[in-house]
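The values are calculated or read from the model by the stated rules, or taken from the named source; none is laboratory data. Because the structure is a prediction, the values reported are computed rather than measured. Here the Cβ positions follow ideal geometry from the backbone for every residue, glycine too, while neighbour counts run over all protein chains shown. When the accessible area is computed, the model is the full protein with side chains, heavy atoms only, and any ligands, DNA or RNA have been set aside. Shrake-Rupley method; radii C 1.70, N 1.55, O 1.52, S 1.80 Å.
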Amino acid sequence: MQPLFRSRRDRLDRLRRQREEAVEAASKRESIPQSGTQTCPNCNTECTNAQLVQTDYVCPNCGYHLPIGAYLRLSLLLDPFTFRELWAGLTAPNALDFPGYESKLVAQREKTALSDAAVVAVGKLDGRQAVFVVLDSRFFMGSMGVAVGEKVTRGVEYAKKHRLPLVIFSASGGARMQEGILSLMQMAKTSAAIEQFSRSGGLYISVFTHPTTGGVTASFASLGDITLAEPGALIGFAGPRVIQQTIGQELPEGFQRAEYLEEHGFVDQIVPRSQMRETLSQLLSLHRKGVFHR
Amino acid sequence: MNNLTAAQRVKLARTPGRPGTLDFVNALFTDIFVCKGDRLGREDPSIFGAIARFHGKPVTVLGHRKGRTFEENMKCNFGMPSPEGYRKAQRLMKQAEKFGRPIITFVDTPGAYPGLEAEAGGQGEAIASSLALMSALTVPVISVVIGEGGSGGALALAVGNRVLMLENAVYSVLSPEGFASILWKDASRADEAAGIMKLTARDLYQLGVVDQVIPEPEGGAHTDAKAVFEAVNQALTRHLNQLNKEKDLAAHRYQKFRAMGAVREEVEP
């Protein structure tokens, strides 16, 4: 039995080490400069970074929700020291031999310290264990190629296997053009995974953040049991520019914004960033008597 | 036909005289009963739906419909479905599953309609729920890309146990025009885009996205439609026979799409 215990202990040690390293790396990756200012893209107010850190990157003047990175998002939601990232180093090769794609990927990785545009994590929110998938719009506009599709699918399969609720934050320009048809296939792959998860009784909360368009809107992001959106988030299948070209006229004010989708019946509730954690906690608690009770 | 460029195939796939869904349906099926409407308030003519017989056995047939004339094209929106079309398709797929009918789909669309009403009606949700539904169907599903396979609007009818493709059909994440316009802000470089997008049947076969390439006559499908119908007939028969032996068709389909796209992982420490 001795060797068995030893290998178990080693594995636990390794896991603990990994976890600690991941937390440390994550906090480093998004160390926020406290000095300096940013201009709100909505009302052009000059906000100091110190202010924005206080407001979780919501403009103090107009309430505009600035896009935030995946790790910052997770840190706003998860209980301290419960974060464990899964498949952090997963990437996809340049399967279509698309000219210049590798060097672009390298540049994106250097810029963001992400391996691709999705982060999968297990963690606790208000004491409740769940799987979180967060897309990061800083990396190739959060576009879905094979790596994002695979991470989302693995996250969903993990949630199914371990009977955990699933929360996905979407932010995406759509399919990753450089991975062509394989990007398109990720729509089928992720939707199929969600369907199996759903049929097994799993709770999936989908949160649209700014902007979510194209292949992500037309796959897993639109398949939540509960669908939430951040205020003002642009959500659509076709981009506004394409639609404008198609219909040849100006688009109405507020078109494809979260509020528009709520009005048309595609979003349960619009939840400001400051209330997201509380709302998710409420939803997780409302579903805890189900199959996925923990 | 081996020496055509991708851009030339894009043009062939869009040739006005090329056989469309209705031509295939009329040539390959008997006892056709057309089914219309999403039961939610609209009929979208850009998606064709019917119950029919294939070699005597009932099947459900779905397909994108383009028009021959300008008027026809206006009516079916140049083969660009609205959410209502996808919801009709979902209704008919569920019905096929209920009655144990195999589903055969013909894919031929520039893409889902990118318009204001389509967005207001939930184009994204309609495609997403089609993908989810189709992925889990317990009956055999065979999709044939016969012309243009444009983006999510094509995929929403193409989550099949088998995906077959005519030699000069194309299937891509976006039209070459859209692709060029996104990547280079210049839609006029569409031919160049087609060249690097890997959108031909042969490319897609090599990538494992397509299971069989169905050859076309010299000059394209429209030069000898009968030969093409016969080739599709034979392919459908063969694959349907194979799929009838498959025990768990939903699991088979899940695994097929689960395997799309290889990844690299850092070795665990």
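The set of residues in region B:1-27 being closer than 22 Å to B:Arg65 by Cβ and among the β-branched types (Val, Ile, Thr) consists of B:Val10, B:Thr15, B:Thr21, B:Val25. Of the residues making up region A:67-82, just one is at pLDDT 95 or above and among the aromatic types (Phe, Trp, Tyr), namely A:Tyr71. Out of region B:189-232, which residues are assigned to a helix (DSSP H, G or I), out of contact with any helix residue (DSSP H, G or I) (no Cβ under 7 Å at 6 or more places or on another chain), away from chain A (no Cβ under 14 Å) and not acidic (Asp, Glu)? Result: B:His222, B:Thr223, B:Lys226, B:Ala227, B:Ala231.
From the list A:Val148, A:Val152, A:Val167, A:Val156, the lone residue that is in a strand (DSSP E or B) and more than 9 Å from chain B (Cβ to nearest Cβ) is A:Val167. Candidates are the residues of region A:247-263 that are among the aliphatic types (A, V, I, L, M) and outside any loop (DSSP other than H, G, I, E, B); the one that is surrounded by the fewest Cβ atoms within 10 Å (Cβ to Cβ) is A:Ile247. The residues in region B:113-125 that are at the interface with another protein chain (Cβ under 7 Å from one of its Cβ atoms), open to solvent by 10 Å² or more (accessible area, probe 1.4 Å) and touching a Ser or Thr at 6+ places or on another chain (Cβ under 9 Å) can be counted, and the count is 3.
Within region B:1-28, which residues are surrounded by fewer than 20 Cβ atoms within 10 Å (Cβ to Cβ) and in a loop (DSSP other than H, G, I, E, B)? Those that are surrounded by fewer than 20 Cβ atoms within 10 Å (Cβ to Cβ) and in a loop (DSSP other than H, G, I, E, B): B:Met1, B:Asn2, B:Asn3, B:Leu4, B:Thr5, B:Arg14, B:Thr15, B:Pro16, B:Gly17.
In this structure, does B:Glu71 turn out to be open to solvent by 10 Å² or more (accessible area, probe 1.4 Å), in a strand (DSSP E or B) and more than 27 Å from A:Leu234 (Cβ to Cβ)? The answer is no for B:Glu71.
Taking the numbered list (1) open to solvent by less than 10 Å² (accessible area, probe 1.4 Å); (2) in contact with a Lys or Arg (Cβ under 8 Å, 6 or more places away or on another chain); (3) under 26 Å from B:Ile196 (Cβ atoms) in turn, A:Ala193 passes all entries but (3).
Residue-wise test of (1) crowded, with 24+ Cβ neighbours inside 10 Å; (2) in a strand (DSSP E or B); (3) within 14 Å of chain A (Cβ to nearest Cβ).
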residue: B:Leu137; (1), (2), (3): no, no, yes
residue: B:Ile146; (1), (2), (3): yes, yes, no
residue: B:Gly149; (1), (2), (3): yes, yes, yes
residue: B:Gly152; (1), (2), (3): yes, no, yes
residue: B:Val159; (1), (2), (3): yes, no, yes
residue: B:Asn168; (1), (2), (3): yes, no, no
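Which members of region B:177-196 meet the condition of being under 22 Å from A:Phe140 (Cβ atoms) and open to solvent by less than 10 Å² (accessible area, probe 1.4 Å)? The answer is B:Phe179, B:Ala180, B:Ala193.
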